[in-house]
Amino acid sequence: MKEKRKTTNAGNGQKTAAGKKGGLSRQAKRDLVAYSFIAPNFIGFAVFTLVPIIFAFALAFMDWDGSNAIRFVGLANFIKLPQDTFFKAAFKNTIIYVIGTVPLTMIASLALAIVLNQKIKARGFFRTVAFFPYVASLVAITAVWGMIFHPSKGPVNYLLLTVFGVPQNELPKWFSGSLVLFTLILFSVWKYMGYYMVIYLAGLQGISAELYEAGSLDGANTWQKFKYITWPQLRSTTFFVVVMLTINCFKVYDIAVMLAGGGDGKLSTSATVLVYYIYQNAFNYWDLGYSSAIAMVLFVLVLIITLIQFRYEKKLES
Amino acid sequence: MSAEKEKKLRSKRRNAVIGKVCIYAILLLITAAMVVPFLWMLSASIKSNREVFLMDPFEWIPKVPKWDNYIKIWTKIPLLKFVQNTVFLTIVVTCLQLLTSSFAAYSFAKLEFKHKNALFLAYIATIAMPWQVYMVPQFIMMRAMGLNDKLLAMICLQAFSAFGVFMMKQFYDGIPIDLCEAARIDGMSEYGIYAKIMLPLSKPALSTLTIFTFVNTWNDYLGPLIYLKTETKKTIQLGLKMFIGQYSAEYGLIMAGSVLSLIPVIIVFLCLQKYFVEGVASTGLKG
Amino acid sequence: MKRKLLSVLLTASMAAALLAGCGGADETPAADSQANAAEEAAEPTMDDVAEPGEEAPAADGEAVTLKWAIWDKDATPYWNALKDAYEAANPNVTIEMTDLGSTDYMTVLATELSGSGSDFDVVTIKDVPGYATLVSKNTLEPLDSYISEAGIDLAQYGGVDKQVTVDGSLYELPFRNDFWVVFYNKDIFDAAGVDYPTNDMTFEEYDALAREVADPAFGAQVYGTHYHTWRSAVQLFGVLDGQHSILDGEYDFFKPYYEMVLGEEDDQICRNYADLSAEGLHYSAAFSGGDVAMMNMGSWYISTLISSLQSGEYDSSLCGNWGMVKYPHAEGVEAGSTLGTITGLAVTSVSDQKDAAFDFVEWVSGEEGAKVMAGTGNFPALMNDEVASIISGLEGFPADDASKEALSVSNLYLEVPYAENVSAINDILDTYHKSIMNREVSIDEGIASMNEEVGKVLGQ
């Protein structure tokens, strides 16, 4: 289909060059102009995004190490998955991380946006500050967190020790064991709430002031105003925020590696995530087919959850 | 005015004051949580290794600030090279992204043509597709093209995102079509309309996209980790991570490097932020 | 909706087909230029082939350029020393080094070699799992025919070559062979009034010594010993008796050593793993900080210590007075058994000048290379008394006899011997080492998981 269109386009081009007066229909001319706008981006997009995506689907059914001959293995890669302890751990951790991060970030950023939408002093300053963690580079900021939450020397544990009297051997080890996922979630909320706050702010500014005035006349209190005006009016914003958050959370990799990876950047079963395992299988074991199969699981997860959210949104709408 | 009414009003005012105080208290708390890590970073960057974790007494500014951390870091690792690479990448990617996305978006928003919906759907569908899903095949493909360990690979990877097109299209959708029609009647070409009418109007959207692209490119880690292998091609994030691996105990230096790596993004953000909320609002990012 | 989706998919796949064509076209020029380069490079090789066996090609031989993959060029003194010495002996050869960095060296190398764009002739092999990967990807040239042609006696490597032989073929020649010793800080022992460690310690004696010299006083804490976060630093005490190997699939023999180390952690005799891991503390930073009395580490640290002390990078008042002794041993096992790690050179299968490349490999892993290595304070794979005396005679090497004697090794067990699945086994052991040390699981649970997971890999 695409090919056909391309050739007609080329034909059109020749015609234009041959005789300017006629031949080329107005619609074809318009198409040509339109395609010329799209082409620079679309070519790059198709080569570097669409093609690899198709390749990824195919690869999940292959056995390939990147050098020797590629071999079709059907569903073998997927059959291996349920028996793989590390995959199961990565799957579980990723889900926990998403379930923890998405609602927390959403609530935090909405609350912050509502507060910063009030007429208060130094509003611009507060907004900028809240956005700082988002623009700050992960390597730098995780290094700082590593120091602040250092299990035996960091200020957080120092406060717990001196102010709250937690015994020294019971001080939390923030980056290992069962706490590590909690730390990852905390860090993510801290880093990303500013970003989603801006989106909520934009949404809040779209709500007309008349609605609130009407609410005041009816004697609604703050909570009621939120419940009956703000929240319903922000529905589509919330939908967008939750979808983006979910997609972004499933992608988690660098946060985990930098906070929990230690010196060698390797994650144990308590902190491993799907993208980490995709990377390991691809670039350490060179099991590209298996790595792609895990990637497909990631994709299907994201897809399912996005579709559920779409469904829910549609239902609310009608 | 009756006393009762006055009482009510006063209590209302009191409530308002209490509310304000609460809001400020919460805000200050959140601000502290946001800012303290950065202050810690600044403070640690001028400390010696021993002072960094010294809690009793804790000083934000040590008695003898070690400013030379900021000089030493340049010689300990080829930081200048990393900065050059990152600046080059970020600028090229941001420019390409702005140009090609706004170009394509104009077409999607204001022109009618065959297969428009199908093409746009291809963009939309990939937004929900995490890059991590296809990063491996993408790498294999790039390697076959001879792009492994080349900065060009990073440009190809980041310059043509579906997100940029989507965002710009949402913004252009909000600009009344009458403007274009009027210009068309005046005999202006589509390219002219794009350049003379649409572009000047899209400052907020372009600023927003600039911030996103700049921040993402500057701070990207996994992409460069996969593609850039030679030390002279590494970006500042990889370089910083490498430095942390090698000199794990040189906290002062690590923090100095971190501070330096933040400066450019923060400058760009501060310059463009006045358009930011407006940009997000008008690009339909709010949903 | 369905039709729309279908059309998108169709468009996309068409585009893919189209663009795949483009991609192919893109690829050609690169491949061409590479072929050209290869042709150019291939010419002089013919001469080399014409005169095999002869050590150094004559000075009038055409210029050969060998591309060599290495890591950490600036921090490692021997790369340049080897290059210079070889070029001096073979004036027609230029060695071009590419620094791939040490962090993910083997991963990066595998990527380079499995692509079509690689033009390395000689690559350095940093570890055995990476070696196994490269061999399985058919990226290395089997060296057997070259070795027999050149008449190299593999016995000179003391048997380590057998631990990296793959199905009867050898794909690398070792040029560096490090073994683990215990470094100690004499000042700390002096201050505590405790006797120095000796070359003949059992693990019980070693543990007792660490506890004796440690001082858990807050603020001026002195650690009796230090274990780096690598699993080798703890697990591999278990293989020293020669009865066990990490390829076994049964790891119950790790248990006493985990108990010893975790016990030391509990009593603050050594830094705890969670801290080390959180800050990614490098072992060199730990030892040079002057609060660690003993540390088990590879012999590569000798040259780092010497050179960093000389350059002033390390504070000599903190760690300048150091010594080393042999690894402790289990009761009833001969002293001097230790762990080894070899670094080798291999010839790539894509190289167009394999003979010239092998000549370089042979030289570096042979006697002359060994002397160069020893001169920089590193341990060549080809170890003999002469080489040992070069190292112990280096300026900055501890003067006591025990440190000199510590250089003689009776049994050397590779940290990771070759096996087909060694990469996966290695990662499994790493993961559960982390879990045990972080106390996410008990020692027994961790070992049970190792047994189970490795069992799965071996059963495949």
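Each value in this text was obtained by applying a stated rule to the coordinates, not by laboratory testing. This structure is a prediction, so every number in the text was calculated from the model and none was measured. Using ideal geometry, Cβ is built from the backbone for each residue, glycine included, and neighbour counts are taken over all protein chains shown.
Beyond a 30 Å Cα-Cα separation, which of these cross-linked pairs lie in this structure: B:76/B:150; A:191/A:315; A:121/B:72; B:150/C:126; B:229/C:354; A:227/B:7? Could the numbers behind the result be given before it?
Working: B:76/B:150 24 Å; A:191/A:315 32 Å; A:121/B:72 41 Å; B:150/C:126 24 Å; B:229/C:354 25 Å; A:227/B:7 28 Å.
Beyond 30 Å between Cα atoms: A:191/A:315; A:121/B:72.
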Restricted to Cα positions, what overall size does the stretch B:42-97 have along the principal axes? Three whole-Å values, descending. 51, 24, 14
Label point distance in nm, residue A:314-residue C:445, each placed 7 Å from Cα along Cα→Cβ: 4.4 nm
Residue by residue, what Karplus-based ³J(HN,Hα) values in Hz, rounded to whole numbers, does the stretch A:154-163 have, using 6.51, -1.76 and 1.60 with θ = phi - 60° and x for Gly and Pro? x, x, 5, 5, 5, 5, 4, 6, 8, 7
Say a paramagnetic label sat at a point 7 Å from the Cα of residue C:420, along Cα to Cβ; which residues of the stretch A:73-102 have their backbone N under 15 Å from it? none
Least to most buried among B:194, A:285 (fewest other Cβ within 10 Å first): A:285, B:194
Whole number please: convex hull volume per residue, Cα atoms of chain A, in Å³. 248 Å³
Expressed to two decimals, chain C has a Cα Rg over Rh, using the Kirkwood radius, of 1.03
Chain A - mean residue ellipticity at 222 nm from DSSP helices (-39,500 (n - 2.57) per run, n ≥ 4, rounded to 500): -22000 deg cm²/dmol
Approximate spin-label separation residue A:69-residue B:17, in nm, with each point projected 7 Å along Cα-to-Cβ: 8.7 nm
For the stretch B:234-287 and the stretch B:147-168, distance of Cα centres in Å: 19 Å
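So how many Å³ per residue does the convex hull of the Cα atoms of the stretch C:88-223 work out to?
Values: hull volume 31.5 nm³, N = 136.
Value for the stretch C:88-223: 232 Å³ per residue.
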Return C:342, A:79, A:247 ranked ascending by Cβ neighbour count within 10 Å, so the fewest neighbours appear first. A:79, A:247, C:342
Span per principal axis, largest first, for the Cα atoms of the stretch C:268-351 (Å): 49, 42, 29
Among C:302, B:26, which comes first, second and so on when ranked by fewest other beta-carbon atoms within 10 Å? B:26, C:302
Quick one: plug the Kirkwood hydrodynamic radius of the stretch A:178-318 (C-alpha pairs) into Stokes-Einstein at 4 °C, 1.567 mPa s, and report D in µm²/s. 71 µm²/s
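For the protein assembly as shown, report the % of Cα-Cα distances exceeding 56 Å.
Working: 118402 of 566580 pairs.
That fraction is 21 percent.
Please report the antiparallel percentage of DSSP beta bridges with both residues in the protein assembly as shown, rounded to the nearest 5.
Working: 25 of 41 bridges.
The answer is about 60 percent antiparallel.
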For residue A:225 and residue A:211, extending 7 Å from Cα along the Cα-Cβ vector and measuring point to point gives, in nm, a value of 1.3 nm
What's the extension gain from residue C:316 to residue C:74 if we count 0.36 nm per residue and subtract their Cα-Cα distance? 84.9 nm
Per q in 0.08, 0.13 Å⁻¹, report the Debye log10 I(q)/I(0) for chain B, using one uniform scatterer on each alpha carbon and no solvent. -0.53, -1.03
For residue A:88, which lysines qualify as cross-link partners when the Cα separation must be under 16 Å and same-chain residues fewer than eight apart are set aside? A:80, C:456
With viscosity set to 1.567 mPa s at 4 °C, what whole-number translational diffusion coefficient in µm²/s follows for the stretch A:254-318 from Stokes-Einstein and a Kirkwood radius over Cα pairs? 95 µm²/s
How big is the charge dipole of the stretch C:402-460 about its Cα centre, in debye rounded to the nearest 20, if each Lys and Arg gets +1 on its Cβ and each Asp and Glu gets -1 on its Cβ? 180 debye
In chain A, with Lys and Arg counted as +1 and Asp and Glu as -1 at Cβ, which of these residues, A:205, A:260, A:279, has the Cα nearest the positive end of the dipole, that is, farthest along it? A:205
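Could you tell me whether the stretch A:109-168 comes out rounded, prolate or oblate from its Cα gyration tensor? Rule is a ≥ b ≥ c as square roots of the eigenvalues, rounded for a/c under 1.5, then prolate if a/b exceeds b/c, otherwise oblate. The partial results should precede the final answer.
Numbers: a/c = 3.67, a/b = 1.80, b/c = 2.04.
Because a/c hits 1.5 or more and a/b fails to exceed b/c, the stretch A:109-168 counts as oblate.
Assuming 0.692 mPa s and 37 °C, estimate D for the stretch B:43-186 with Stokes-Einstein, Rh taken as the Kirkwood radius over Cα pairs, in µm²/s. Mind dumping the intermediate values first?
On the way: Rh = 19.9 Å.
D, rounded to a whole number, is 165 µm²/s.
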